[in-house]
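Participant: Below you'll find the structure I mean.
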Amino acid sequence: YVHALEDAVSQSCASFDAPFDRVKPGREPGREGAWVEGTQRKIASVGVRVSAGIATHGVALNVSNDLRLFDAVVPCGLEGVTMTSMWNENGGSGPTFDDVASKLACAIADNIGAQPVWLDAAAELDARLLENV
């Protein structure tokens, strides 16, 4: 399941062409997420939680965010790792957040055999989640 999420990040990044085609899934224990190939630069983190038989997941793909916020932490407890973003890897420009979010959602859905559901507001999401409880 984690590999499916990592692959979705790699696939959605690659859809934007170079240099984003260098984003590869982590396959070594303790290096979950997505990395810029051949570097110690991590571009995405992945998390999965299972509770009461329901799996939830999270993917944090850095698109154009302020990377200085990572200066105060050791990302994922990994010394020597630098967090990066799509815009950072492309010299300060890149795809929009909305374009990346759309491609990533579709890639995740495809990789886990689901259909993406587009919601307009957090309240709508809360209502849909409560339907399944």
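Participant: Answer yes or no as to whether Ala105 is in contact with a Pro (Cβ under 6 Å, 6 or more places away or on another chain), open to solvent by less than 60 Å² (accessible area, probe 1.4 Å) and not in a loop (DSSP other than H, G, I, E, B).
Facilitator: When the stated conditions are applied, Ala105 passes them.
Participant: Checking the conditions here, which among Thr56, Thr84, Thr96 is at pLDDT 90 or above, in contact with a strand residue (DSSP E or B) (Cβ under 9 Å, 6 or more places away or on another chain) and not charged (D, E, K, R)? Break it down stepwise before answering.
Facilitator: On the way: Thr56 fails: at pLDDT 90 or above; Thr96 fails: in contact with a strand residue (DSSP E or B) (Cβ under 9 Å, 6 or more places away or on another chain).
Sole residue among the options that is at pLDDT 90 or above, in contact with a strand residue (DSSP E or B) (Cβ under 9 Å, 6 or more places away or on another chain) and not charged (D, E, K, R): Thr84.
Participant: Given the structure, is Glu6 in contact with a strand residue (DSSP E or B) (Cβ under 9 Å, 6 or more places away or on another chain), surrounded by 15 or more Cβ atoms within 10 Å (Cβ to Cβ) and either modelled with pLDDT of 95 or more or not hydrophobic (A, V, I, L, M, F, W, C) (or both)?
Facilitator: Numbers: in contact with a strand residue (DSSP E or B) (Cβ under 9 Å, 6 or more places away or on another chain): yes; surrounded by 15 or more Cβ atoms within 10 Å (Cβ to Cβ): yes; either modelled with pLDDT of 95 or more or not hydrophobic (A, V, I, L, M, F, W, C) (or both): yes.
When the stated conditions are applied, Glu6 passes them.
Participant: Another question about this same structure. So, in the stretch 61-77, of the ones that are surrounded by 14 or more Cβ atoms within 10 Å (Cβ to Cβ) and of a type in the set (A, V, I, L, M, F, W, C), which residue ends up farthest from Pro95 (Cα to Cα)?
Facilitator: Top of the filtered list is Cys76.
Participant: Just to be sure, is Gly80 loosely packed, with under 10 Cβ neighbours inside 10 Å and part of a loop (DSSP other than H, G, I, E, B)?
Facilitator: Numbers: loosely packed, with under 10 Cβ neighbours inside 10 Å: yes; part of a loop (DSSP other than H, G, I, E, B): yes.
For Gly80, the condition - loosely packed, with under 10 Cβ neighbours inside 10 Å and part of a loop (DSSP other than H, G, I, E, B) - is met.
Participant: Let me ask something else. Can you tell me how many residues in the stretch 17-60 are under 23 Å from Gln115 (Cβ atoms), surrounded by 10 or more Cβ atoms within 10 Å (Cβ to Cβ) and either of a type in the set (D, E, K, R) or in contact (Cβ under 8 Å) with a residue 60 or more places away in the chain (or both)?
Facilitator: 1
The values are calculated or read from the model by the stated rules, or taken from the named source; none is laboratory data. As the structure is a computational prediction, the values presented were derived from the model and not from experiment. Don't worry about glycine lacking a Cβ; one is built from the backbone with ideal geometry, like all the others, and counts go over all protein chains shown. Side chains included, ligands, DNA and RNA excluded: accessible areas come from the protein's heavy atoms. Shrake-Rupley method; radii C 1.70, N 1.55, O 1.52, S 1.80 Å.
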